[in-house]
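What follows is calculated from the coordinates using simple rules that are stated; it is not laboratory data. Just so you know, these numbers come straight off a predicted model, no measurement behind them. Virtual Cβ from ideal backbone geometry, glycine too; neighbours counted across all protein chains shown.
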Amino acid sequence: MKALIPAAGYGTRFLPASKTIPKEMLPVGAKPAIQLIVEEALAAGAEEVVIVTSPDKPSLRRHFDVDAVWHARCAKKPEVDAELTHLEEIGKRIRWTFQTEQKGLGHAVLQGADLLRGETDPVLVLLGDALVSGEAPSAAMAAISRAHGGASVVGLEEVPLEKVSRYGIVAGDFVDERVLKLTDLVEKPQPDVAPSRLAIAGRYLLDPAVFDLLATQTPGHGGEIQLTDSIRRLLAEKSVYGYRYPGRRHDIGNPAGYLETLLAFSSSAAR
Ligand code: G1P
């Protein structure tokens with residue numbers, strides 16, 4: 001399995017901090033958010049991770065670089081040096097590409113398509129500003145996909161009706177307590193037309209056919225190329241499942257969401 005992390009957004013909701021610190025580099029304990037997300041992908045069985053970022057955010061890539069100067073500084077701190085070595089090992093499994101224009105999430109995901117060409121297995125997509133506390137959903141989604149012949153799976157959370165217009169919302173029929181077979185997806189519907197309160201929540205496992213659909217996707221909500229719209233078209237050809245995962249999603253892209261993330265991770269990330 002391969003993974004893709006879109007992490008190219010400017011993070012304007014987190015200004016002025018995000019002027020020089022990309023939101024994905026905000027620390028949760030001693031690790032930046034992007035490292036936790038890459039580790040979630042690897043733990044779920046991804047062999048390689050494609051990160052789509054912006055040329056204006058070079059610190060993401062530098063974080064995973066081999067750095068002899070830091071090893072020298074940590075010569076007398078073997079446990080910290082081991083963390084750096086671990087990071088470099090992770091770095092060897094990452095490939096980088098750029099989104100140079102902000103044309104929406106679907107457009108960002110499409111920028112990774114060249115590096116995933118020829119892929120036949122579903123690709124794990126993890127949003128770079130979404131952390132999940134509690135059980136990580138990616139591994140469970142991979143298992144659900146396998147159980148349904150390699151079908152696509154989107155991670156879901158239930159949101160209050162007044163918030164449905166902030167999310168991609170799905171319709172479907174439950175096949176067990178947490179899994180449903182989708183019948184529709186709508187990006188950011190108004191509450192009166194939302195097909196449910198089940199929102200797409202930062203994690204996807206997508207049939208690579210979605211890349212061809214993204215390449216021909218017309219702009220949708222907000223005039224942007226929406227990933228949700230291409231998954232909706234995928235649904236016309238192939239089964240797509242939803243997984244209402246038990247963990248909690250946190251949006252690190254705004255100050256309140258970030259503080260909530262720190263509280264949720266305070267016991268596991270402290271050292
Ligand atoms: C994106 C997706 C949306 C999803 C949300 C949270 O929206 O377009 O479908 O529900 O992430 O995962 P954004 O938060 O980028 O506006």
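Structure summary
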| read-out | value |
| --- | --- |
| Residue of 151, 215, 72 that the Gaussian network model of the chain assigns the largest fluctuation, springs spanning Cα pairs under 10 Å | 72 |
| Inter-centroid distance (Cα atoms) of the stretch 226-266 relative to the stretch 154-188, Å | 10 Å |
| Exposure proxy order (Cβ contacts within 10 Å, fewest to most) of 53, 216 | 216, 53 |
| Among 16, 137, 27: highest mean-square fluctuation, GNM of the chain, C-alpha pairs under 10 Å | 16 |
| Relative packing of peptides 106-119, 33-46 - highest average C-beta neighbours within 10 Å first | 33-46, 106-119 |
| In sequence order, calculated HN-Hα J values of the stretch 114-127 (Karplus, 6.51, -1.76, 1.60; Hz; x Gly/Pro) | 4, 6, 10, 4, x, 5, 10, 7, x, 9, 7, 10, 10, 5 |
| Fewest-first ranking of 188, 19, using other Cβ atoms within 10 Å as the exposure measure | 19, 188 |
| Computed FRET value (nearest 0.05) for residue 10 with residue 238, which takes r as the C-beta separation and R₀ as 35 Å | 0.55 |
| Directionally averaged projected area (convex hull, Cα atoms, the chain), nm² | 14.4 nm² |
| Those lysines that a straight Cα-Cα span of less than 20 Å connects to residue 23, excepting residues fewer than 8 apart in one chain | 31, 57, 103 |
| Under 5 Å, built H, 5+ apart or other chain: amide partners of residue 125 | 4, 204, 205, 206 |
| Fewest-first sequence of 165, 145, 267 by Cβ atoms within 10 Å of each Cβ | 267, 165, 145 |
| Per-residue [θ]222 nm for the chain (sum of -39500 (n - 2.57) over DSSP H runs n ≥ 4, rounded to 500) | -8500 deg cm²/dmol |
